[in-house]
Amino acid sequence: MSSSKKKSKKPNNGGGKDSKKKLESEIHAMISEYLAYSSYSLTVDCLTKEKKKKESAKNKRNAALGKGKRGSSNSKEADYRRFFDEGDGPKFFALLNKQFPINTRKKHATLWFRLHIYFAIYPFLSPSAGKPGAQDFQVRKHMDYFKRFLERHGSSANNSMLPYYGLPFIADPRHHPTFEHLFEDAFLTSLKADLFQALLEKGQPKLMRMTQELTDLHKAKEALQGGMSHRNQMASEAMQVLFGTAMDLFETLALYHTQVPSSPPSASLPLQHVYQSPRIEDITTYMERASSYDICL
């Protein structure tokens, strides 16, 4: 069982590495193309040589480290997760503030505020065990840290964060209508997702993010075009069936007028041929299929 699990993990990791490598190759090609277009031939040569040198050094380093070693980026992410899960706000924000300089934090002001809320209520999420009074001590400690944050940076928060200024003055926010949603899984899940998305964006240069966004848009465009093509095909098939049914109706009416011009009661007999025609069944089927694709006929 253990060997099968290990095998199942490898394709996922390799797929992510291959995707990143492909993206970097595309960016390198675009940069080289622009430099060549602008007649920076020496720069292109230097860039190509340095790229090969870097790849060679990276391959040697990976071979020396072996498969079990983690890179610095993975180690930093592990530190974020550990400090977050342990509720160690000071160490967490020391690491976070080092990666995000002051002039870049305005964009993430709401995220910073939500993170401070999380560390403020952490003692309620993970009650302390041991000596009596340990829980109260942890609550005061975390709430005091939150108060200092509000005093220093509270003015940068938007209006949606104003209700949380009263958080330090609530004895047990788990049962308060304003704060009880903070203890639901949705709050923690959303906070983690936004945090690691911000870390991911910060770890990538702008050019790489733009290229990735363009790639995603191109894929979405192809998917949309494929869906429209399928709808157009459905509409074309439905129109062909409609045309065939109309021809059947005209032929039957013409047959009725030529064969039984003075016998009105028998008019239902040839028309019955139309209603029982396979084309009628076909058009009913196509109309149902077309409605599922929002095709207006």
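Please treat every number below as a calculation from the coordinates, not as lab data. Being a predicted model, the structure only gives us computed values, none of them experimental. A quick note on method: Cβ atoms are made from the backbone with ideal geometry, for glycine too, and the neighbour counts reach across all protein chains shown.
Quick notes on this structure:
- Among the listed pairs Lys20/Lys54; Lys22/Lys54; Lys53/Lys98; Lys58/Lys106, those beyond 25 Å (Cα-Cα): Lys53/Lys98; Lys58/Lys106
- Placing dummy labels 7 Å off each Cα toward the beta-carbon, the span from Arg140 to Arg82 is 3.0 nm.
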